[in-house]
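To start, the structure itself, in structure tokens.
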Amino acid sequence: MTVLTRTDQVERFRGLIARRLGLQFEDARLGWLGDVLQRQLERAHQTDDNYLDWLELEAMGTELGTLAEELTVPETYFFRNIDQFRALQEQVLPDRLRARAGQRCLRILSAGCASGEEAYSIAMALHGRLPDPAWTLSIQAVDVNPVVLDKARRARYTTWSLRETPAALQDRWFRLEGRELAVDEDIRNAVVFEQRNIHLHDAGFWRPGLFDVVFCRNVLMYFTPQNAQAAVARIAQSLAPGGVLFLGHAETLRGLSQDFQLRHTHGTFYYQRKDTTEPTLPDHEPVAVRPIGAARAAAAVAAVDSGDSWVEAIAKAAERIRTLTAAPAAAPAYAAAPPNPAWHLGQALELFRQERFVDALDLVQALPAESANDPDALLLHAVLLVHSGQLAQAEDACHRLLAVDGLNAGAHYVLALCREGAGDRAGAVDRDQAAIYLDPAFAMPRLHLGLLARRAGDNNAMRRELTQALALLKQEDAPRLLLFGGGFDRQALVALCNAEIRAAAGEP
């Protein structure tokens, strides 16, 4: 049975995903979410209303687990980010052994364990390292998806899952069974797997001071900011004072918690719970959906209706986002990733996608000197400087980019923003026109030209440019919208164009 999903049902589906799983998806991914919903309806042989009603009421089970697998697509393998396991062995373990000398018990949690590689890596890293047989080591591994948990319990993997595992550890802890590699029985017995959604509060599980170490890697990045903050609060409460939290390589706690101190050792970063504070959980479950859709559209229209220039509207959007996500003033400064012999922008782009502009700017500014001639690094740097209101520095970055790539349309568009911010309307128009000449499908310089015309009182030019921008926005590449949209998503920018066109025609 094939059932076509409606837009309102896709919106409901997105809301259910946020409430039940804590996951966030922007307007630009609504089409993809519609495809996921369509597949689920066809598999379950249900109409969208019946399926969504079922999803609303289902206890934690197979359907939510299947959805989590569809929506997150985790990549995992043994000893991923191996420096963290070295830090666990050589720095964290001795500290926790001293702290737990009276109890002689260590407890470790692998949250979002997927198919088990992380949890088994922890067991291998710590095997034989306890002081004497009187000590016990408990490793719990939880995930929302029962299918991957079954694979974890089976403990058989392909060689691809061991691609970062040192040869000595492969020889010691794995044996060949047919085409698969089976995990040693001692390691299997060291880990207990359980289906659990860390998005949900459970006082019986998140007991105060229970864990010494929590691995929660590449999980929070999928959550709404509110749900990520609530999950970190639960983790902090469940960690003993001085306990340790390992996050994914591109994740930070900035804006999420003040209960931790940043630590750096063995070429990696991790977080240690402060001894002097007692973490507290939020007194209510967080609202699961961050400002999107209509809220952002209203914010974009209001910013321009207030008489602000577009660059001022971008600055206000960035300030609004910082207010929602930034850590209080007492938070430790964001630390850049450890030096990389070949720099890459993946971490900075992920922070940008999460609207953590200050963190992304810190990361880009910490890149090695060799990145000074990298067009992608220069363009991202310029955009981030605009978000932070540093227009003169952004303009300098654009000129350096154009010295490397004189045909870069994005650089010309960012220069148009800088010229507007400097009060040079003619210069802004020239730069927007250069961007359009170089890339006729680029929506943002058209939108900017329309707003410049509006401020100049030229309604005919404004309608012409915004009408073209509106057509281009509907087809614009999502990553480029993210980079150049000024903190507003596709729906907000479309709403802005429509509102200004209606206003020019004298319509309400």
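No lab work stands behind these numbers, since they all come straight from the coordinates. Quantities reported herein were computed from a predicted structural model and do not represent experimental measurements. Backbone-built Cβ (ideal geometry, glycine too); neighbour counts: all protein chains shown.
Couplings 3J(HN,Hα) of region 438-449, computed from phi: 6, 9, x, 8, 6, 6, 5, x, 5, 4, 5, 4 Hz, in residue order, whole Hz [Karplus 6.51 cos²θ - 1.76 cosθ + 1.60, θ = phi - 60°; x for Gly and Pro]. Taking other residues whose beta carbon is less than 13 angstrom from the beta carbon of residue 427, and scoring Lys, Arg as +1 and Asp, Glu as -1, yields -2.
Highest-first packing order for the peptide set 179-189, 486-496 is 486-496, 179-189, based on the mean count of other beta carbon atoms within 10 Å. Protection proxy ranking of 373-386, 392-405, by the mean of other Cβ atoms within 10 Å over each peptide's residues and highest first, is 373-386, 392-405. Given region 82-273, what percent of its DSSP beta bridges are antiparallel, to the nearest 5? For region 82-273, the DSSP antiparallel bridge percentage is about 40.
Based on the alpha-carbon gyration tensor of region 374-459 and its eigenvalue square roots a ≥ b ≥ c, which shape applies: rounded if a/c is under 1.5, prolate if not and a/b is larger than b/c, or oblate? Verdict is oblate for region 374-459.
Counting neighbouring Cβ atoms within 10 Å and putting the fewest first, the residues 477, 439, 432 line up as 477, 439, 432.
Using the Cβ-Cβ distance between residue 403 and residue 433 with R0 = 25 Å, the FRET efficiency computed as 1/(1 + (r/R0)^6) comes to roughly 0.75.
Measuring from a point 7 Å past the Cα of residue 393 along Cα-to-C-beta, which residues in region 415-432 have an amide N at less than 20 Å? The answer is 415-423.
Residue 78 sits among other residues whose Cβ lies under 10 Å from its own Cβ, and their net charge, with Lys and Arg +1 and Asp and Glu -1, is -1. The alpha carbon gyration tensor of region 139-258 gives principal lengths a ≥ b ≥ c with a/c of 1.5 or higher and a/b greater than b/c, which makes the shape prolate.
Each of 223, 178, 256 was placed along the dipole of region 82-273 (beta-carbon charges, centred on the mean Cα), and the one lying farthest toward the positive end is 256.
Note on residue 467/residue 130: beta-carbon distance plugged into 1/(1 + (r/R0)^6) with R0 of 56 Å gives a FRET efficiency of 0.20. Ordered by the count of other Cβ atoms within 10 Å of each Cβ, fewest first, 113, 105, 216, 497 give 105, 216, 497, 113. What separates the Cα centres of region 430-505 and region 111-153 is a distance of 52 Å.
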